[in-house]
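Engineer: Below you'll find the structure I mean.
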Amino acid sequence: MGKYMTDIDEARKLIETRIPEIEKIVAGVIEEEGGEYGYTVEYGENVAFPTKEYGSYVYPAGEYEAILIPLEKEKGPKVKFFLFEWLGWS
């Protein structure tokens, strides 16, 4: 069985060190899908987003600690974003 992380500061440090890896994954997915998007990978404690429903899970609107990956067409406004909510910490 793997080790479970129980220290939030340790988890935050791990996330911050993995940002370059996440950027490579995003670039690969965009390339595989034939997209022409610019992007940034942002990690923060006050990421605002609206109420979202994922299957049977409902996340109320608010500010969450999250990794946000806004996608931008090379010409034009931001078109969409992916949000990975911080789960497992209260």
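FYI, it's all coordinate maths here, none of it is from the lab. These figures come from a predicted structure and were not determined experimentally. Quick reminder, even Gly has a Cβ in these numbers, built from the backbone with ideal geometry, and neighbours come from all protein chains shown.
Engineer: For Asp7 and Glu65, what is the calculated FRET efficiency with R₀ set at 22 Å and r taken between the beta-carbons, to the nearest 0.05?
Structural biologist: Computed FRET efficiency for Asp7 and Glu65: 0.95.
Engineer: Going 7 Å from the Cα of Glu33 in the Cα-to-Cβ direction, what parts of segment 43-70 have a backbone nitrogen less than 14 Å from that spot?
Structural biologist: Counting backbone N atoms under 14 Å from the label point, the list is 69-70.
Engineer: Cβ neighbours within 10 Å, averaged per peptide: list 9-16, 61-68 in order, most packed at the top.
Structural biologist: Result, highest mean first: 61-68, 9-16.
Engineer: Turning to a different aspect of this structure: Would you list which aspartates and glutamates come within 13 Å of Lys24, measuring only between C-alpha atoms, while excluding same-chain residues fewer than 8 positions from it?
Structural biologist: Candidates past the 8-residue exclusion: Glu32.
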